[in-house]
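The values are calculated or read from the model by the stated rules, or taken from the named source; none is laboratory data. Being a predicted model, the structure only gives us computed values, none of them experimental. Cβ: placed from backbone, ideal geometry, glycine included. Neighbour counts: every protein chain shown.
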Amino acid sequence: MNIGNYIKLYSEDLRLKNYAKSSIENYCSQVALFLSDHEKVATKPSEISERQIKEWLLKANTINSRKHRLSAVKLFYKITGKQPLKFKHIEYPRSEKKLPIVLSVEEIQKMFNVCTNEKHRVILGLLYSCGLRVSELINLKWKDIDRSRMIINVIAGKGNRDRQIMLATTLIPLLEKYYYEYHSKVYVLNGWKDELQYTQRSVLEVVKQLAAKAGIDNKRVYTHLIRHCAFTHLAEQGTDIRLIQRIAGHANSKTTDLYLHLSHNLISKINSPINNIKI
């Protein structure tokens, strides 16, 4: 089985459908694993049976992992393998919806209090102020920050969709101080060379280190949790849930998206939760 060729074709099909780069990488990675695991029992994907597919899915450690595997492989058979009915009798596993245990405003404040590194303060500030996903954070460029309109433009976020987020006034002096100290030119968070991006792993390490220094159990703190905190705290201070859905970039409320069209003026008036933090 020429796995490399199948992955190349799948990648091209995903690009034609305008999938985000990160999604293409994740989907291709899952399908490459799937094909390599069945290389000894099949000479081409069409020879892999439904039973073998189910057994492979069940090897995933978590329900979310199983879902990711299923999404990637199902789409592969549909658009590249031209076998859309291959998964007719394979359904997505039901999952328990557990709400994350978010940090309090006081705990976020403690993380800022123990942070002495300017880059780390910017990381925590952007995550909490804007509710950015970690992929959006490391892809953020200086040109995406519009100070004249107090807006941050998130380009090609999840689902390859663009959106706008309020730029908190509290962030301005923090970003200015960071810029003059680090002189990053393209990406807000530059890697060890300016043209390189910061990594998701590095962001996670920063968040966990700050939580530990603040006396918070860092086993329950992860990058995406800061995003949950931002929107939870916005809701607690009375921000309209429709505005939160909009700035979060959630696509699960099609009705809201059809009837709600926000101007950048309205978004810029949203009071970011970071304005209640001394940074």
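Which one is farthest from A251 (Cα to Cα), of the residues in the range 121-160 that are in a helix (DSSP H, G or I) and among the small types (G, A, S)? Talk me through it step by step, then tell me what you get.
Taking the range 121-160 first, the residues in a helix (DSSP H, G or I) are 121-130, 134-138, 142-144, 158-160.
Next, only the ones that are among the small types (G, A, S) stay: 125, 129, 135, 159.
On the way: G125: 25, S129: 20, S135: 17, G159: 9 Å.
Across the range 121-160, the extreme among qualifying residues is G125.
Pairs needed: first member in the range 111-132, touching a residue at least 60 places away in the same chain (Cβ under 8 Å); second member anywhere, surrounded by 21 or more Cβ atoms within 10 Å (Cβ to Cβ) and of a type in the set (F, W, Y); C-beta distance under 6 Å; at least 6 residues apart or different chains.
Short answer, once both residue conditions are applied: E118/Y178; V122/Y178.
Among the listed residues E106, E91, which satisfies the condition of being in a helix (DSSP H, G or I), exposed (fewer than 11 other Cβ atoms within 10 Å of the Cβ), out of contact with any strand residue (DSSP E or B) (no Cβ under 8 Å at 6 or more places or on another chain) and not hydrophobic (A, V, I, L, M, F, W, C)?
Every option except E106 fails the conditions.
So for the range 18-37 (the condition being farther than 20 Å from A60 by Cβ, without any contact (Cβ under 8 Å) to a residue 40 or more places away in the chain and either of a type in the set (A, V, I, L, M) or touching an Asp or Glu at 6+ places or on another chain (Cβ under 8 Å) (or both)), does at least one residue qualify?
For the range 18-37, residues farther than 20 Å from A60 by Cβ, without any contact (Cβ under 8 Å) to a residue 40 or more places away in the chain and either of a type in the set (A, V, I, L, M) or touching an Asp or Glu at 6+ places or on another chain (Cβ under 8 Å) (or both): present.
Can you name every residue in the range 55-71 that is within 28 Å of the chain's Cα centre (by Cα) and either assigned to a helix (DSSP H, G or I) or over 19 Å from Y92 (Cα atoms) (or both)?
W56, L57, L58, I63, N64, S65, R66, K67, H68, R69, L70, S71
Return a yes/no flag: does the range 141-153 have any residue that is farther than 15 Å from K278 by Cα, buried (at least 23 other Cβ atoms within 10 Å of the Cβ), modelled with pLDDT of 90 or more and hydrophobic (A, V, I, L, M, F, W, C).
Quick first cut of the range 141-153, residues farther than 15 Å from K278 by Cα only: 141-153.
From the residues that got through so far, the ones that are buried (at least 23 other Cβ atoms within 10 Å of the Cβ) too are 152.
Subset that is modelled with pLDDT of 90 or more: 152.
If we keep only those that are hydrophobic (A, V, I, L, M, F, W, C) too, we end up with 152.
Checked the range 141-153: at least one residue is farther than 15 Å from K278 by Cα, buried (at least 23 other Cβ atoms within 10 Å of the Cβ), modelled with pLDDT of 90 or more and hydrophobic (A, V, I, L, M, F, W, C).
I'm told K86 meets every condition in (1) basic (K, R); (2) farther than 30 Å from C229 by Cα; (3) surrounded by fewer than 16 Cβ atoms within 10 Å (Cβ to Cβ) except one. Can you identify the failing condition by its number?
That leaves (3) as the condition not met.
Does at least one position in the range 4-24 carry a residue that is of a type in the set (S, T, Y), outside the structural domain of N218 (by TED's automatic domain parsing), touching a helix residue (DSSP H, G or I) at 6+ places or on another chain (Cβ under 8 Å) and assigned to a loop (DSSP other than H, G, I, E, B)?
yes
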